[in-house]
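The values are calculated or read from the model by the stated rules, or taken from the named source; none is laboratory data. Owing to the predicted nature of the structure, the values given are computational and were not obtained by experimental measurement. All Cβ positions, glycine included, derive from the backbone under ideal geometry; neighbour counts span all protein chains shown. The protein model used for the area step is the full one, side chains on, heavy atoms only, and it has no ligands, DNA or RNA in it. Shrake-Rupley method; radii C 1.70, N 1.55, O 1.52, S 1.80 Å.
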Amino acid sequence: MGTQESHRTQDAREPEDRAGGTGRRAFLGAAAALGAAGTTLGLTGTARAAGTRSAAARGGRGLKSLPVPTIIGHRGASGYRPEHTLGSYQLALDLGADIVEAGDLVPTKDGHLVCRHEPEIGGTTDVASHPEFAGRRTTKVLDGVPTTGWFTEDFTLAELKTLRATERIPANRPHNTLYDGRWEIPTFEEVLKWQDEQTRARGEQVWIYPELKHPTYFRKLGLGLEERVAKLLRRHGKDGKNAPVILQSFEPTSVERLNKLVDNPLVVLLSGATTRPWDFVETGDPRTVADLVTRKGLREIAGYAQGIGPTLDLVVPKDAAGNLTTPTTLVRDAHAVGLILHPYTLRNENPFLPANLRRGTGADAYGDVFGAYRAYFATGIDGIFTDQPDTGLLAREDHVNG
């Protein structure tokens, strides 16, 4: 996932599922109850995670099986490995993540879905070192922003498979460059097969959380994402309301489209308060994210989705100096209409932390990330995206037992 400004045959369903109504929201509400029960019992975060995931594998209990707060490995364990690689996804599981954000989904020229942070791959692969692709470098307007580089939609899958992943932010993660060139670009179908293999090997259900990237942009190119995602989920039997695949997008109309195609849990991602989802820009809808996080806006989202993924600043804003201030009412308001909240993204490194929690000046130095977790967990969020899942699990253990 990434902030929007920086640039994720229909089955018969019961009426409450089609409307995103009480049936689908009720089982999400139970997740909060599960978290409260875990706190009462004094179970550690690790113990709760193991127990609930095992239960999911046995009974297919869906989101109710996840511990609260849920630790979501952002693009895998991207604090330790180049993002959106099977190496990053695998490490996230090994570190104990409850869910792996396996897949920011973008299409190839021949219609396959692959996992990259953005369709522009100059910063996440070694494509620039391939002279045979030098002529593919171009400038496109991506959601209103001129972007220069190489784009997945200009490559066939076979061509992309000749590339290798590299670290996206080497200044902050120089240690990750050790792994540059080790892994190829995975397809979404490969991720679904990997998920099944890991579930069998571990004896507990592995969850993934793919994002549909720039769906309006790709639909205009004739490469609609939602139908392709739905087709693959149906092929692998993962399109039900208890399926271990949560789908997310920054474009509300994309999530609405998904709601008509699959029964999976759905999440609307929310960027800065003053921004507008790109599908709103394209259709002339004047609303901003600030409108979507009002009680009226949240009620509308609850009609077709089960959760929101707000930027952390929508949960606890920062002042002009970059320090955390007073939490907003977003958590309370979202819970009031049955929505869960999985905000993004906590990272250990100084530049990504609130100013008052940074330690030293090094771009790759760690700050007081545990202080940040305490502040965000105290608001009652249901989970959080993190680049370092092991740190998140320790923070959850402190929160649960504190």
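Quick notes
- Filter pass, R75 being among the basic types (K, R), open to solvent by less than 10 Å² (accessible area, probe 1.4 Å) and part of a loop (DSSP other than H, G, I, E, B): yes
- Scope region 358-374; condition part of a helix (DSSP H, G or I) and open to solvent by less than 20 Å² (accessible area, probe 1.4 Å); matching residues: V369, G371, A372, Y373
- If the condition is being open to solvent by less than 20 Å² (accessible area, probe 1.4 Å) and part of a strand (DSSP E or B), then region 323-355 contributes I340, L341, Y344, L346, E349.
- Residues in region 207-232 that are assigned to a helix (DSSP H, G or I) and of a type in the set (S, T, Y): T216, Y217.
- For region 351-402, a residue qualifies if it is of a type in the set (V, I, T), over 23 Å from A320 (Cβ atoms) and at pLDDT below 95, but none of them does.
- Subset of region 95-106 (residues that are more than 12 Å from P186 (Cα to Cα) and either in a strand (DSSP E or B) or modelled with pLDDT under 95 (or both)): I99, V100
- Applying the condition of being of a type in the set (V, I, T) and outside any strand (DSSP E or B) to region 130-167 and asking which residue is surrounded by the fewest Cβ atoms within 10 Å (Cβ to Cβ) yields T156.
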